[in-house]
Amino acid sequence: MKTLNLTLNNSTKKLYLQIAFAIRYAIESGNVVSSEKLPSARVLAEQLAVNRHTVMAAYHELVAQGWVEARHRQGYSVAAILPIFSTKNINKNLKNNQEKVVQRHIWRLAKSNDNKAMPTASGYEFNFAGGNPDINLFPFNEFRGFMNQALNRPDIKELNYGHNNGFSPFIHEVSKYLRRVRSITNKEIIVVNGTQEALYIIAQVLIKTGDKIAVESLGYQLTWNAFNNAGAELIAVKQTDQGIDIDHLEQLVKTQKIRLLYLTPLHQYPTTTTLAMSKRKKIYQLAQQYNFPIIEDDYDHEFHYNSQPLAPMAANDPSGLVIYLSSFSKIMFPGIRLGLIAVDKSLVLPIVNYRALLNHKVNVPLQDAVARRMKDGGFERHLRKVTRHYQKRRHYMVELLSQFIEDGLEIEFSIPAWWYGAVGKYW
Ligand SMILES: Cc1ncc(COP(=O)(O)O)c(C=O)c1O
């Protein structure tokens, strides 16, 4: 241990005893625990600006009392078994603190979220929840190479404050990727720590208390929490097996002031339906006519198995009203905490400046490493590989379920379409 914060109580006692009391107080208060290493006499002497022999005398005193153990060549550590606290009033402050029943502070929460701890996704033996990538497939060795490069050859000026939208070479790479693979142009990129952070910031920037926000009636609870927390009233739009019910949406926007629509059009969460082009067009016209923006959450764009997926709504957004969200949680892993907001220029400063309240700099080494991986092609190679794996697993699952049905089990299932307009079975 390098440093142990000690308070000497300037009494008339000899200095070595004051130091011994202070170390014992640190042990009794739990600042250092059984068997933990203590600072060497030299380090402690420097810290307290006293002679090393004075500290050694303090340690000898504590060894004699049984609080400290001295090991040959290993220095001093807290005793593995502590002596029972003496009833002698060695330290009045400590004794008073122990005897008083201290009332713990009760917090007044001005805002709160669900107060249950979130279960870990890896904590289940079988986890059928949607949206957990198989992290065992991730090429950590390859990624470590890019992390090393980012740290070996850092762009020093980018490591200082500024450039709050994101690390410029990363923005460059993702802009290219979004343009090439998802047809998104005419948008500015803001890098965030995942979609959830994006939703929180956007909700804070765009929603006032009492605003009505339209959401899919079956949807992503964490998004709803972010909207609720900003004071929104959520209005559920009915769903059919083809995605949201456009007639119901139209009726809602005609009769109430809807401020925002949240959608998962490519792969509705959790039903997996793909919203057809004609429906997207109609929704977009309603958004233009009734003046509400759309948040398009495209959280797992790459995982399609039969043909290329429909381009996002953000790819055809002449009015600049679509806020497009993309996450690296599925294409890498959730712990990477990387996401993108692609928005119209006019919304960049409000979002970035609001985000500065929480965080006024992005994680440069991480974005640098991912940018290098994207430039190298490793990013897309991995995507192709995992897509093949997931496709095989889906195929296997379909076979198993079909077998159960043949064997007389009364269940029904349909295979997610994953691309434009497709419905029904494909195997
Ligand atoms: C609908 C939806 N949006 C976004 C995300 C990704 O969120 P994040 O980027 O915060 O990990 C998920 C993850 O499960 C999701 O299901």
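The values are calculated or read from the model by the stated rules, or taken from the named source; none is laboratory data. None of these values were measured; they are calculated from a predicted model. Virtual Cβ from ideal backbone geometry, glycine too; neighbours counted across all protein chains shown. What goes into the accessible areas is simple: the full protein's heavy atoms, side chains included, and nothing from ligands, DNA or RNA. Shrake-Rupley method; radii C 1.70, N 1.55, O 1.52, S 1.80 Å.
Take the residues in segment 120-143 that are within 16 Å of the ligand (Cβ to nearest atom) and open to solvent by 90 Å² or more (accessible area, probe 1.4 Å); name whichever of them is nearest to Thr387 (Cα to Cα).
Top of the filtered list is Phe128.
So is Gln367 open to solvent by less than 20 Å² (accessible area, probe 1.4 Å) and farther than 19 Å from Ser183 by Cα or not?
Here the answer is yes, as Gln367 does meet what is asked.
Being open to solvent by less than 10 Å² (accessible area, probe 1.4 Å) and among the small types (Gly, Ala, Ser) is the filter here, so list the residues in segment 193-220 that pass it.
Correct list: Gly194, Ala198, Ala203, Ala214.
For residues that are farther than 24 Å from Ile341 by Cα and in a helix (DSSP H, G or I), scanning just segment 147-156, find the one that is modelled with the lowest pLDDT.
So, considering only residues that are farther than 24 Å from Ile341 by Cα and in a helix (DSSP H, G or I), the one modelled with the lowest pLDDT is Ile156.
Tally the residues that are crowded, with 21+ Cβ neighbours inside 10 Å and away from the ligand (no atom under 14 Å from the Cβ), restricting the search to segment 312-341.
4
Kindly indicate whether Thr264 is under 30 Å from Arg393 (Cβ atoms), touching a Phe, Trp or Tyr at 6+ places or on another chain (Cβ under 9 Å), of a type outside the set (Asp, Glu) and open to solvent by less than 50 Å² (accessible area, probe 1.4 Å).
When the stated conditions are applied, Thr264 passes them.
Tally time: how many residues in segment 205-234 are more than 16 Å from the ligand (Cβ to nearest atom) and in contact with a helix residue (DSSP H, G or I) (Cβ under 6 Å, 6 or more places away or on another chain)?
2
Checking Asn165 against (1) modelled with pLDDT of 90 or more; (2) open to solvent by 80 Å² or more (accessible area, probe 1.4 Å); (3) in a loop (DSSP other than H, G, I, E, B); (4) not aromatic (Phe, Trp, Tyr), which test does it fail?
All conditions pass for Asn165, except number (2).
Failed condition for Glu296, given (1) charged (D, E, K, R); (2) touching a Pro at 6+ places or on another chain (Cβ under 9 Å); (3) under 17 Å from Gly194 (Cα atoms); (4) surrounded by fewer than 21 Cβ atoms within 10 Å (Cβ to Cβ), with all others met?
(4)
Lys361 - would you say it is within 16 Å of the ligand (Cβ to nearest atom) and of a type in the set (D, E, K, R)?
Here the answer is no, as Lys361 does not meet what is asked.
Please state which one of His163, His105 is of a type outside the set (Lys, Arg), more than 16 Å from the ligand (Cβ to nearest atom) and closer than 19 Å to Tyr354 by Cβ.
Answer to the selection: His163.
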